[in-house]
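The values are calculated or read from the model by the stated rules, or taken from the named source; none is laboratory data. Keep in mind that this is a model prediction, so the values were computed, not measured. Using ideal geometry, Cβ is built from the backbone for each residue, glycine included, and neighbour counts are taken over all protein chains shown.
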Amino acid sequence: MSLWFFMGLVAVGGAMAWLLTVYLPRQRLASSLSRPLPPAWLALLGQLALYRNLPAALQSELQEKLKAFLHEKAFIGCDGLVVTDEMRVTIAAQACLLLLNRPTNGYPELRWIYLFPGEFRSRIPARDESGVVHHPDATLAGVSWENGRVVLAWDSVRRGMARDDDGYNVVLHEFAHQLDQESGAADGAPLLYQREDYDAWSKVFGATYAQLCKAVEAGMNTLIDPYGATSPAEFFAVVTELFYERPAALRAEHPALYDAMVHYYRINPAEGWRPAA
């Protein structure tokens with residue numbers, strides 16, 4: 001075999017690899033994005049209060065992000081659950097709500113969403129803040145892993161969808177963890193936009209988190225779910241639920257925290273879901 005022939009084979013192989021791994025996936029995504037949403041999917045979106053609350057421009061943006069999400073992420077049913085379009089569309093729509101009006105790659109590390117019919121037990125050992133590995137005992141409504149997976153209990157998803165004003169939404173919670181994990185380990189500090197943002201974020205979130213921990217320890221009732229006192233990561237996730245479902249209450253009780261969330265999510269749900277700069 002001559003050197004030139006060998007080099008030709010290498011070039012052809014490289015071109016084929018680029019075709020299969022770059023060009024064709026981009027073409028398939030472009031084709032998916034060019035098609036309008038099926039009427040049945042639009043009807044499913046219309047059943048979500050969080051979608052109906054959005055102004056028309058953000059509804060259109062969510063539809064586009066929804067198409068990309070469903071093209072790129074795989075839904076897998078567990079324990080005999082058959083995944084339907086209702087499950088895929090409603091979960092994807094709520095996940096994409098966290099991406100609106102801000103620069104994002106659309107959960108780039110996420111590959112799979114596993115769905116159980118009801119609460120489940122985690123099969124993955126967890127590491128606590130001290131570095132000790134243990135196996136969780138409790139049943140879970142959802143979990144976000146750093147290896148490209150989110151796991152959800154469908155009955156808990158439906159319960160979160162039933163009301164948009166109770167501050168409970170397992171999809172928002174777990175996908176807030178996904179955003180948090182984009183900066184590395186989940187620690188309550190997601191990727192921010194400018195270096196100076198981190199100091200402001202640390203001061204506001206640190207102070208409010210400490211306040212919540214003291215209130216929970218004292219047995220006081222709190223607007224922020226006491227589960228948020230478990231760790232800074234859980235604090236960010238439960239505050240995200242409040243921000244989207246009870247924005248007026250969060251702004252009234254924790255105005256600095258609310259402003260920090262507006263700055264991060266680039267949306268102001270307490271003021272008619274007005275996009276924020």
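Scanning region 42-62 for residues that are touching a Cys at 6+ places or on another chain (Cβ under 9 Å) and either not in a helix (DSSP H, G or I) or not hydrophobic (A, V, I, L, M, F, W, C) (or both) returns a single hit, Glu61. Filtering region 65-109 to residues that are within 14 Å of Val171 (Cα to Cα) and assigned to a loop (DSSP other than H, G, I, E, B) leaves Leu98, Leu99, Tyr107.
Only residues that are part of a loop (DSSP other than H, G, I, E, B) and either touching a strand residue (DSSP E or B) at 6+ places or on another chain (Cβ under 7 Å) or in contact (Cβ under 8 Å) with a residue 12 or more places away in the chain (or both) were counted in region 164-196, giving 16. All conditions but one from (1) of a type outside the set (A, V, I, L, M); (2) under 13 Å from the mean Cα position of the chain (by Cα); (3) part of a helix (DSSP H, G or I); (4) within 19 Å of Arg266 (Cβ to Cβ) apply to Trp201; the one that does not is (2). Restricting Thr240, Thr222 to those that are under 20 Å from Asp197 (Cβ atoms) and either without any contact (Cβ under 8 Å) to a residue 12 or more places away in the chain or not in a loop (DSSP other than H, G, I, E, B) (or both) reduces the list to Thr240. Among the residues of region 65-83, count how many are surrounded by 14 or more Cβ atoms within 10 Å (Cβ to Cβ) and without any contact (Cβ under 8 Å) to a residue 12 or more places away in the chain. Qualifying residue count, region 65-83: 0. Applying the criterion of being in a loop (DSSP other than H, G, I, E, B) and closer than 22 Å to Met161 by Cα to the residues of region 243-277, the residue that is farthest from the chain's Cα centre (by Cα) is Gly272.
For region 155-185, enumerate the residues that are under 20 Å from Arg102 (Cα atoms) and surrounded by 18 or more Cβ atoms within 10 Å (Cβ to Cβ). Those that are under 20 Å from Arg102 (Cα atoms) and surrounded by 18 or more Cβ atoms within 10 Å (Cβ to Cβ): Val171, Leu172, His173, Glu174, Phe175, Ala176, His177, Gln178, Leu179, Asp180, Gln181.
For Leu62, the stated conditions do not hold, so it cannot be described as surrounded by fewer than 20 Cβ atoms within 10 Å (Cβ to Cβ), of a type outside the set (Phe, Trp, Tyr), closer than 24 Å to Pro190 by Cα and modelled with pLDDT of 95 or more. Tallying residues that are under 17 Å from Gly167 (Cβ atoms) and not in a helix (DSSP H, G or I) within region 225-237 yields 1.
Of the numbered criteria (1) buried (at least 16 other Cβ atoms within 10 Å of the Cβ); (2) farther than 17 Å from Val143 by Cα, the one Thr240 fails is (2).
Restricting attention to region 223-259, the residues that are within 16 Å of Leu99 (Cα to Cα) and of a type in the set (Gly, Ala, Ser) total 1. Residue pairs whose Cβ atoms lie under 9 Å apart, sitting 6 or more positions apart in sequence or on different chains, and linking a residue in region 252-277 that is closer than 18 Å to Ser60 by Cα to a partner that is of a type in the set (Asp, Glu), are Pro269/Glu245. Applying the criterion of being small (Gly, Ala, Ser) and out of contact with any Leu (no Cβ under 9 Å at 6 or more places or on another chain) to the residues of region 253-277, the residue that is surrounded by the most Cβ atoms within 10 Å (Cβ to Cβ) is Ala260.
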